[in-house]
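First the structure, then my questions, so here it is.
Just so it is clear, none of the values below were taken in a lab; they were calculated from the coordinates. Being a predicted model, the structure only gives us computed values, none of them experimental. A quick note on method: Cβ atoms are made from the backbone with ideal geometry, for glycine too, and the neighbour counts reach across all protein chains shown.
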């Protein structure tokens, strides 16, 4: 990435996470141009990173080897029209939920499009992004995308664009499911006489440790769960309660509802 010029359309949290990580990895501020109409955010980007930030796209965008689309999906149409004339020769990476690659091709004139579905832990370098590339994207360009997203965490390529809806439902929305569970654990902590702060610390540390153990182990989550669950013990009582409430069924139903909505949004944004 030592020579590439990178343009960002949109300079919000995800763009900031990528830019900050790449600068820490050795890229230079002069390699970045950000189009960000919102003046306070534009000033923040310049002050924090020393990059060039524009209120609107101009001919300087023709220097970009890669254009990263990081605007809210509902703003894509308004954001793409003013820059279309300058970005047709670039590789395009979208981190917008719901915008299909065909829409990016139509808006930019480039068939070299990669879609990414990141999640919010990317903001601390611990995310995972599902990736889909159109056929015109070369192996070298896939590698460029991987290097661009490396500061945000892991990447996972999928073969079909529709698979990104499943990625959205599982990992894109997944942090919210996790925090929902933590909220319930914190409430139970208060019910048992602990403070909310104690419950928060215990719940988050336990979940983080369990995730780390799962990542470090070759054993299945089922086996790891069973190792903690002695028949007649405290964990067994909790699991029996969860199963009695069909929590596993409810979780699957919730993820499938998110999957359905992701597909609907794709059709709406078209």
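Which order do 268, 36 fall in if you start with the one that has the fewest other Cβ atoms within 10 Å?
Numbers: 268 10, 36 24.
In increasing order of surrounding Cβ atoms, one gets 268, 36.
With a point put 7 Å past each Cα toward its Cβ, work out how far residue 147 is from residue 197 in nm, to one decimal.
Those two pseudo-labels are separated by 4.6 nm.
For the pair residue 261 and residue 227, how long in nm is the line joining their label points, each one 7 Å along Cα→Cβ?
Placing both labels 7 Å beyond Cα along the Cβ direction yields 3.5 nm.
Further, regarding this structure: Given the DSSP H assignment, sum -39500 (n - 2.57) over each helix run of at least 4 residues in the chain and divide by its residue total; what's the result at 222 nm in deg cm²/dmol, nearest 500? Write out the running numbers ahead of the final one.
Working: 11 runs with 133 residues, N = 270.
Calculated mean residue ellipticity at 222 nm is -15500 deg cm²/dmol.
I need 261, 227 ordered by Cβ neighbour count within 10 Å, fewest first. All intermediate terms of the calculation are to be shown ahead of the outcome.
Numbers: 261 15, 227 12.
In order of increasing Cβ crowding within 10 Å: 227, 261.
Expressed in nm to one decimal, what extension gain is obtained for the pair residue 190 and residue 78 from 0.36 nm per residue of sequence separation less their Cα-Cα distance?
Numbers: separation 112, 0.36 × 112 = 40.32 nm, distance 4.74 nm.
Between residue 190 and residue 78, full extension yields 35.6 nm more.
Tell me, how many Å apart are the Cα centres for the stretch 229-252 and for the stretch 146-192?
Measuring centre to centre over Cα atoms gives 22 Å.
Same structure again: Given springs between every Cα pair under 10 Å in a Gaussian network model of the chain, which of 66, 240, 255 has the largest fluctuation?
Highest fluctuation among the options: 240.
Helix 196-216 versus the longest principal axis of the chain: what is the Cα-based angle in degrees, 0 to 90, to the nearest 10?
Relative to the chain, helix 196-216 is tipped by roughly 80 degrees.
Choose one answer from 175, 121, 221: the residue with the largest mean-square fluctuation in a GNM of the chain with alpha-carbon springs under 10 Å.
The residue that fluctuates most here is 221.
If you don't mind, another one. Once both labels are modelled 7 Å past Cα along the beta-carbon direction, what's the residue 39-residue 208 spacing in nm?
Result: 4.0 nm between the two label points.
Neighbouring Cβ atoms within 10 Å as the yardstick, rank 96, 27 fewest first.
27, 96
Taking the 0 to 90 degree range and rounding to the nearest ten, how far is the long axis of helix 13-24 tilted relative to the main principal axis of the chain, both from C-alpha atoms?
It is inclined by approximately 80 degrees.
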